[in-house]
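Down below is the structure, laid out as structure tokens.
The values are calculated or read from the model by the stated rules, or taken from the named source; none is laboratory data. Treat the numbers as computed from the prediction; the structure is a model and nothing was measured. Cβ: placed from backbone, ideal geometry, glycine included. Neighbour counts: every protein chain shown.
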Amino acid sequence: MKPNIVVLTIDSLRGDKCFGSNKNTKTPNLDSLITNGVYFSQAFSASDQTGTSLGTLFTGNFPIKTGKTQFNFDAKTFTYFNILKQEGYHLYSFIPDHDFFQTLTSNFDENTIYDFKTKDAWLRLHGGLGQQIVEQLKSKKMKEPWIYYIHLMDIRPPFTIPPEFDKEEYGSNNYEKLVSYIDIWIGKFLNEIDLEKTLLVLSSDHGEYIPVTGESINEIPKVQNMITNVSKVPFLEKIGMKVLFNARFAAQTYRKEKLKRTLNPYQMRSFNSRATLFLYDEIIRVPLLFVGYNLKKDLIIKEMVRHADVFPTIMNIINTPDTMKNIDGRSLFPLINGDKLPEKPAYIEVGINLAQLVDKKNPEAISKVIGVRTSEYKYFRLREDQTKNVHLFDLKNDPTEETNLAESKPGIIEKMEKILSDFLKNADKNKSSKLTDEEKRIARETLLKLGYI
């Protein structure tokens, strides 16, 4: 009998908040899972945006090859869920009500879809969602063998923290306190999972910037409310969203200039937004844990791995043929068994932001910045011009990516560009990453509802 599978992705969960010297969260259940499983401490997503990164996880292919982003992922996209269904698995999910997730799970046997489009209606784990997951696991109604995919959105602003967790012992900021809170529910889920016959895989879609002051300078309530309600207020339509974006940008710039008087450049970076011009590890390093079903225990693997490798590894663990052809990912099972694997570089790109979708001068909604990461270097630059926004970091000697070596290391730039050009060369020319007008409309609505403003 094949094992059951739980795949849990936690939106915006940073890898360094789950394990390592930068961990300042209280997570006894996650710690126990790591002790009883296999944890990859250097795992990276392909993007800093949910659908684009998870698309890589579920297809084993980078977005540069498929052309798939958060907003053009369609029901025809072949994923590992299709293979598992062909192999006799019953598919179940617990997902937010966004188009990407509903498209991803459109062929599942049963989906529980929770409200996350309307901020006022967000329930989150402590509002009843956690108990729904517990009841599903406890009911034993899922037909075996099953795979249960869960995506949690609790670490999203506005941060809602239960009062009992709003204490320093659970973290130095609201983000960390929420991670500590989610851990309580991970423990409740575990109480209903038989790890002897179940494989549990835990990861995230991407990381997140955490402001050193504890407050985001991007929050401009009056302007954001106007942007969010632009379609409801006639005179705002005449003004145009771009004018409102400019007003918000001016307010943010003023705040940044004030903060620069007391904070260093690395601290200032914590106020960045995702889907802009940078691909620091804060937003692409994710947790990756495999536990249960006769896997080794207390194994920390430090080799760099990618989201694209996750499902090939699952297929290897459950001893099921991997029929995906010509994918970017590969099984990490040899590393779990103590064998060596030659390193493969990770392709990375920024997500699509709302400003791109309202800019008539630049209407193409594709990622602006692309790059590659190895265990030694990080390299990224503008997609359309390899001479602009060029960043190169020596990760061995500068793990926090504070010194840009682009001008002083032309030889390394050439090598990294060769790796990137190989990814570009292997892209499927029949796939388009450009969005239709309807896809752009849906993308704008989604980004507004998620707060990408």
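Can you find even one residue in region 294-305 that is touching a residue at least 24 places away in the same chain (Cβ under 8 Å), within 20 Å of the chain's Cα centre (by Cα) and buried (at least 20 other Cβ atoms within 10 Å of the Cβ)? Taking every residue of region 294-305 in turn, at least one turns out to be touching a residue at least 24 places away in the same chain (Cβ under 8 Å), within 20 Å of the chain's Cα centre (by Cα) and buried (at least 20 other Cβ atoms within 10 Å of the Cβ). Of the set (1) surrounded by 19 or more Cβ atoms within 10 Å (Cβ to Cβ); (2) out of contact with any helix residue (DSSP H, G or I) (no Cβ under 8 Å at 6 or more places or on another chain), all apply to Pro157 but (1).
If the condition is being in contact (Cβ under 8 Å) with a residue 60 or more places away in the chain, in a helix (DSSP H, G or I) and over 30 Å from Asn319 (Cβ atoms), then region 178-219 contributes Val179, Ser180, Ile182, Asp183, Ile184, Trp185. When you scan region 46-68, do you find a residue that is of a type outside the set (Val, Ile, Thr), crowded, with 24+ Cβ neighbours inside 10 Å and assigned to a strand (DSSP E or B), even just one? Looking for residues that are of a type outside the set (Val, Ile, Thr), crowded, with 24+ Cβ neighbours inside 10 Å and assigned to a strand (DSSP E or B), one finds at least one in region 46-68, hence yes. Among the residues of region 404-421, count how many are touching an Asp or Glu at 6+ places or on another chain (Cβ under 9 Å) and outside any helix (DSSP H, G or I). So the answer is 2.
Scanning region 380-420 for residues that are small (Gly, Ala, Ser) and either surrounded by 14 or more Cβ atoms within 10 Å (Cβ to Cβ) or under 21 Å from Gln42 (Cα atoms) (or both) gives a single hit, Ala406. Checked against (1) at pLDDT 95 or above; (2) crowded, with 20+ Cβ neighbours inside 10 Å; (3) under 22 Å from the mean Cα position of the chain (by Cα), Ser433 meets all criteria but (1). Test Asp309 against the criterion of being touching a Lys or Arg at 6+ places or on another chain (Cβ under 9 Å), part of a loop (DSSP other than H, G, I, E, B), surrounded by 20 or more Cβ atoms within 10 Å (Cβ to Cβ) and at pLDDT 95 or above, and give yes or no. When the stated conditions are applied, Asp309 does not pass them. Residues in region 278-295 that are farther than 18 Å from Asn61 by Cβ and either assigned to a strand (DSSP E or B) or at pLDDT below 95 (or both): Arg285, Leu289, Phe290, Val291, Gly292, Asn294. Taking the conditions (1) on the phi < 0 side of the Ramachandran plot; (2) surrounded by fewer than 16 Cβ atoms within 10 Å (Cβ to Cβ) in turn, Gly88 satisfies each one other than (1). Ile147 meets the conditions (1) modelled with pLDDT of 95 or more; (2) over 19 Å from Leu190 (Cα atoms) in every case but one. The failed one is (2). Across region 128-154, the qualifying residues are those that are of a type in the set (D, E, K, R) and in a loop (DSSP other than H, G, I, E, B), and the one among them that is surrounded by the fewest Cβ atoms within 10 Å (Cβ to Cβ) is Lys140.
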